[in-house]
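Q: For reference, the structure I am asking about is given below.
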Amino acid sequence: MGINSKPVVFAVISAAVILVGTVVTVFIPLFMPSTQPVSPYVKPYTAIELEGRDLYMREGCNNCHTQTVRPLRTEVLRYGEYSKLEEFAYDRPFLWGSRRTGPDLARIGGKYPDSWHYSHMESPQRLFQQSNMPPYAWMSKNRLDTSNSFKKTSVLGYGYSETDVKNQIDGFRSTVTSESYASKESRDQVTPAGLRSELTEMDAIIAYLQKLGRDVKNMEAAK
């Protein structure tokens with residue numbers, strides 16, 4: 001009497017074989033170094049950049065903007081070097097996206113100065129008359145909440161100490177609130193007077209946008 005005549009036993013053995021095959025072919029490779037390449041040029045997000053990334057997700061920006069440049073000549077010419085696996089090493093979750101209602105943002109970091117982003121976030125139509133992007137001026141009126149910044153970087157395993165996170169936040173605040181800040185005029189135009197000495201949500205999301213693709217540009221320049 002063969003196993004085929006015992007449906008329950010056959011089902012259990014089949015499930016066990018499928019389970020073992022799934023573990024071996026899917027889950028084990030996830031933890032192998034070859035599937036998680038890293039580069040010394042790709043750095044973890046700072047506390048402020050991570051806060052900006054959370055705001056980017058909160059506002060659903062990834063529903064309209066992709067963050068992956070495909071290895072196609074037309075895309076490389078428009079957006080820059082095609083996406084590399086190692087540049088997403090610190091992304092949880094990935095924000096590759098699938099729709100380009102707006103342009104791809106994978107290489108937006110450093111393409112424009114902060115002043116451009118302040119103006120664009122306040123009123124996209126001021127810079128691109130036909131843009132269908134909604135304005136985000138209200139983000140400059142919201143004080144940035146950094147109370148959980150250290151917890152976030154710890155959970156993601158970025159390796160920052162609580163002092164590191166505090167220094168990152170204080171350092172960024174000092175930069176954008178300084179009289180010598182290159183984009184001070186544009187920031188002051190969109191930020192209420194009472195918040196100009198504080199960090200706002202707009203400051204954080206711009207910091208995140210300026211991070212995108214910056215490490216890869218450094219990596220390519222070093223070749």
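Q: Take every Cα pair under 8 Å in the chain that's 6+ residues apart, average their separations, divide by the length, and report that relative contact order as a whole percent.
A: Working: 258 pairs, mean separation 63.0, N = 223.
Rounded, it is 28 percent for the chain.
Q: Related question: What nm value, rounded to one decimal, do you get for the distance between residue 59 and residue 182 when each label is placed 7 Å out toward the C-beta?
A: That separation, rounded to one decimal, is 2.2 nm.
Q: Counting only pairs 8 or more residues apart or on different chains, how many lysine pairs in the chain have their Cα atoms under 12 Å apart? Can you show the working numbers first?
A: Working: 43/211; 84/217; 111/211; 111/217; 151/166.
Close lysine pairs under the 12 Å cut-off: 5.
Q: Along the Cα→Cβ direction, 7 angstrom out, place labels at residue 217 and residue 99. What is the inter-label distance in nm?
A: Label at residue 217, label at residue 99, 2.9 nm between them.
Q: Sticking with this one: Fewest to most neighbouring Cβ within 10 Å: what's the order for 219, 121? Each step should come with its number before you reach the end.
A: Numbers: 219 17, 121 21.
In order of increasing Cβ crowding within 10 Å: 219, 121.
Q: Figure the gain on full extension for residue 154 and residue 22 (residue separation times 0.36 nm, minus the Cα-Cα span) and round it to one decimal in nm.
A: Net length gain for the segment: 44.5 nm.
Q: Let's see if you can work this out: charge +1 on each Lys and Arg Cβ, -1 on each Asp and Glu Cβ, no other charges. What is the dipole magnitude of the chain about its Cα centre, in debye to the nearest 20? All intermediate terms of the calculation are to be shown ahead of the outcome.
A: Values: 27 positive and 24 negative charges, 126 e Å.
With Lys and Arg at +1 and Asp and Glu at -1, about 600 debye.
Q: Here's another thing I want to ask about it. Efficiency by 1/(1 + (r/R0)^6): what FRET value for residue 132 and residue 41, r their Cβ-Cβ distance, R0 = 30 Å, to the nearest 0.05? Kindly include the intermediate steps, with their values, before the conclusion.
A: Details: r = 35 Å, r/R0 = 1.16.
The pair residue 132/residue 41 has a calculated efficiency of 0.30.
Q: May I ask you to sort 154, 161 by Cβ crowding, counting other Cβ atoms within 10 Å and putting the fewest first?
A: On the way: 154 15, 161 11.
Taking fewest neighbouring Cβ atoms as first place, the list is 161, 154.
Q: At 0.36 nm per residue, and after removing the present C-alpha to C-alpha distance, how many nm does the segment from residue 145 to residue 89 gain when stretched out fully? Spell out each step's value before the answer.
A: Details: separation 56, 0.36 × 56 = 20.16 nm, distance 2.54 nm.
Difference between extended and current length: 17.6 nm.
Q: Given the options 59, 81, 198, state which has the largest fluctuation in a GNM of the chain using a 10 Å cut-off (strictly under) for Cα springs.
A: Looking only at 59, 81, 198, the largest GNM fluctuation is found for 59.
Q: When the Cα centres of the stretch 95-117 and the stretch 159-196 are compared, how far apart do they sit, in Å?
A: The stretch 95-117 and the stretch 159-196 have Cα centres separated by 22 Å.
Q: Give the Cα extents of the stretch 42-186 along the principal axes, in whole Å, largest first.
A: Projected onto its principal axes, the Cα set of the stretch 42-186 covers 44, 36, 26 Å.
Q: Here is a follow-up. Projecting each Cα onto the charge dipole of the chain (Lys/Arg +1, Asp/Glu -1 at the beta carbon, about the Cα centre), which of 148, 183, 7 comes out farthest on the positive side?
A: 7
Q: Against the empirical 2.2 N^0.38 Å scaling, what ratio does the C-alpha Rg of the stretch 43-87 come to? Before the final figure, lay out the partial values.
A: Working: Rg = 12.9 Å, N = 45, 2.2 N^0.38 = 9.3 Å.
With N residues counted in the stretch 43-87, Rg over 2.2 N^0.38 Å equals 1.39.
Q: A follow-up question, please. Can you tell me the length gained on complete extension of the stretch residue 193 to residue 78, counting 0.36 nm per residue apart and subtracting the Cα distance?
A: Working: separation 115, 0.36 × 115 = 41.40 nm, distance 3.84 nm.
Once the chain is fully extended between residue 193 and residue 78, it gains 37.6 nm.
Q: Near the amide H of residue 200, under 5 Å away, which other amide H atoms are found, from residues 5 or more places off or on another chain, if H is placed in the peptide plane?
A: Amide H to amide H, under 5 Å and 5 or more residues apart or across chains, residue 200 pairs with 144.
Values quoted throughout were computed directly from the atomic coordinates according to the rules given, and no laboratory measurement underlies them. Remember, it's a predicted structure, so these values are computed and weren't measured experimentally. No Cβ is skipped: glycine too gets one built from the backbone with ideal geometry, and neighbour counts run over all protein chains shown.
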